[in-house]
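Colleague: Sharing a structure, written as structure tokens. Questions coming.
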Amino acid sequence: MMIDQQKQDLRRMMRQRRADTVAPPHSLDLLNKRLAAALLVEPAARAIGCVWPLPDEPDLRPLCHALFAAGRDVLLPETTPKGSALLFRRWTPTCAMLTGRFGTVHPDGVIGRPDVLLVPLLAFDRSFNRLGYGGGYYDRTLAALGCRGIGFAFAWQEVAHVPIGPYDAPLDRIVTEQEIITPRAGKGKAE
């Protein structure tokens with residue numbers, strides 16, 4: 001079976017799993033707290049590319065507020081034309097938000113460059129591979145910026161294997177409400 005078909009099948013399965021899953025009410029709070037803990041211990045992560053939630057995505061707005069309060073630059077993506085990397089704009093709690101492509105919103109702020117990029121996903125595996133929504137925006141952005149990518153998800157989004165193609169960028173870490181998944185000492189991302 002071709003990689004594209006495998007990805008389409010997994011996307012369909014994960015969307016159904018999302019519709020069937022009732023997460024405990026504290027899961028989102030735990031996810032935001034784990035992400036904050038993972039990011040705030042890294043002094044080199046001064047500018048953090050976050051995500052404003054789309055329907056059915058984890059709501060990281062509490063994380064954005066916590067990072068801003070801790071003195072970090074919070075950058076949110078502006079969805080650019082197909083085939084290009086995302087553009088990041090500085091967010092503050094009082095900034096105006098503009099409607100973008102595909103129902104996204106982004107700040108009416110200055111352009112910035114993240115040191116670390118939080119990456120949404122539909123599914124992930126223990127080899128740090130992720131299945132996104134199919135537009136390739138985050139893979140292109142990680143390649144263009146050369147920054148670290150941290151996937152965020154709920155534990156139920158883990159699968160045994162994510163099919164990957166030549167342009168799929170592995171993540172550096174994955175954070176769920178249950179754990180922070182990091183490469184084992186002395187090992188690469190994918191084993």
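Colleague: Just a yes or no: is a residue in segment 75-82 modelled with pLDDT under 95, open to solvent by less than 40 Å² (accessible area, probe 1.4 Å) and in contact with a helix residue (DSSP H, G or I) (Cβ under 7 Å, 6 or more places away or on another chain)?
Modeller: Among the residues of segment 75-82, at least one is modelled with pLDDT under 95, open to solvent by less than 40 Å² (accessible area, probe 1.4 Å) and in contact with a helix residue (DSSP H, G or I) (Cβ under 7 Å, 6 or more places away or on another chain), which makes the answer yes.
Colleague: For the subset of segment 1-27 comprising residues that are aliphatic (A, V, I, L, M) and assigned to a helix (DSSP H, G or I), which member is farthest from the chain's Cα centre (by Cα)?
Modeller: Ile3
Colleague: Next question, about the same structure. Specify the residue that is farthest from the chain's Cα centre (by Cα); the eligible residues are those in segment 151-163 that are of a type in the set (A, V, I, L, M, F, W, C) and surrounded by fewer than 19 Cβ atoms within 10 Å (Cβ to Cβ).
Modeller: Ala160
Colleague: Cβ contacts < 8 Å: first residue touching a residue at least 12 places away in the same chain (Cβ under 8 Å) and among the β-branched types (Val, Ile, Thr), restricted to segment 56-71; second residue open to solvent by less than 10 Å² (accessible area, probe 1.4 Å) and in a loop (DSSP other than H, G, I, E, B), any location; separation 6+ or different chain. Result?
Modeller: Listed by first residue and then by second, the contacts come to nothing, as the list is empty.
Colleague: Quick one: would you say Arg148 is open to solvent by 20 Å² or more (accessible area, probe 1.4 Å), modelled with pLDDT of 90 or more and farther than 23 Å from Ala19 by Cβ?
Modeller: Yes, satisfied.
Colleague: Tell me whether segment 28-47 contains one or more residues that are in a loop (DSSP other than H, G, I, E, B), more than 23 Å from Val162 (Cα to Cα) and without any contact (Cβ under 8 Å) to a residue 40 or more places away in the chain.
Modeller: Looking through segment 28-47, at least one residue is in a loop (DSSP other than H, G, I, E, B), more than 23 Å from Val162 (Cα to Cα) and without any contact (Cβ under 8 Å) to a residue 40 or more places away in the chain.
Colleague: Could you check segment 104-139 and list, in sequence order, the residues that are more than 14 Å from Leu171 (Cα to Cα), open to solvent by less than 30 Å² (accessible area, probe 1.4 Å) and β-branched (Val, Ile, Thr)?
Modeller: Scanning segment 104-139 gives a single hit, Thr104.
Colleague: Which pairs do you get when a residue that is over 17 Å from Ala85 (Cα atoms), found in segment 124-144, comes within reach of a residue that is among the basic types (Lys, Arg), reach meaning Cβ atoms under 6 angstrom, with the pair 6+ apart or on two chains?
Modeller: Close Cβ pairs satisfying both conditions: Phe124/Arg130; Phe128/Lys189.
Colleague: Kindly list the number of the only condition in (1) more than 27 Å from Ala44 (Cα to Cα); (2) hydrophobic (A, V, I, L, M, F, W, C); (3) touching a Pro at 6+ places or on another chain (Cβ under 8 Å); (4) part of a loop (DSSP other than H, G, I, E, B) that fails for Cys95.
Modeller: For Cys95, the failing item is (1).
Colleague: Give me the residue from segment 57-92 that is assigned to a strand (DSSP E or B) and of a type in the set (Lys, Arg) and, out of that set, farthest from Ala44 (Cα to Cα).
Modeller: Going through the qualifying residues, I end up with Arg89.
Colleague: I'm told Gly109 meets every condition in (1) in contact with a Cys (Cβ under 8 Å, 6 or more places away or on another chain); (2) assigned to a strand (DSSP E or B) except one. Can you identify the failing condition by its number?
Modeller: Just one mismatch for Gly109, condition (2).
Colleague: Right, here's the next one. Can you tell which of Leu60, Leu76 is in contact with a His (Cβ under 8 Å, 6 or more places away or on another chain) and of a type outside the set (Val, Ile, Thr)?
Modeller: Leu76
Colleague: Out of the residues in segment 28-62 that are open to solvent by 90 Å² or more (accessible area, probe 1.4 Å) and among the basic types (Lys, Arg), state the one that is nearest to the chain's Cα centre (by Cα).
Modeller: Per the stated criteria, the residue is Arg61.
Colleague: Same structure again: What tally of residues in segment 85-103 results from selecting those that are open to solvent by less than 40 Å² (accessible area, probe 1.4 Å) and farther than 19 Å from Glu57 by Cβ?
Modeller: Residues meeting the conditions: 2.
The values are calculated or read from the model by the stated rules, or taken from the named source; none is laboratory data. On a predicted model such as this, the values are computed, not experimentally measured, just so you know. Backbone-built Cβ (ideal geometry, glycine too); neighbour counts: all protein chains shown. These area figures cover heavy atoms from the full protein model, side chains too; ligands, DNA and RNA do not enter into them. Shrake-Rupley method; radii C 1.70, N 1.55, O 1.52, S 1.80 Å.
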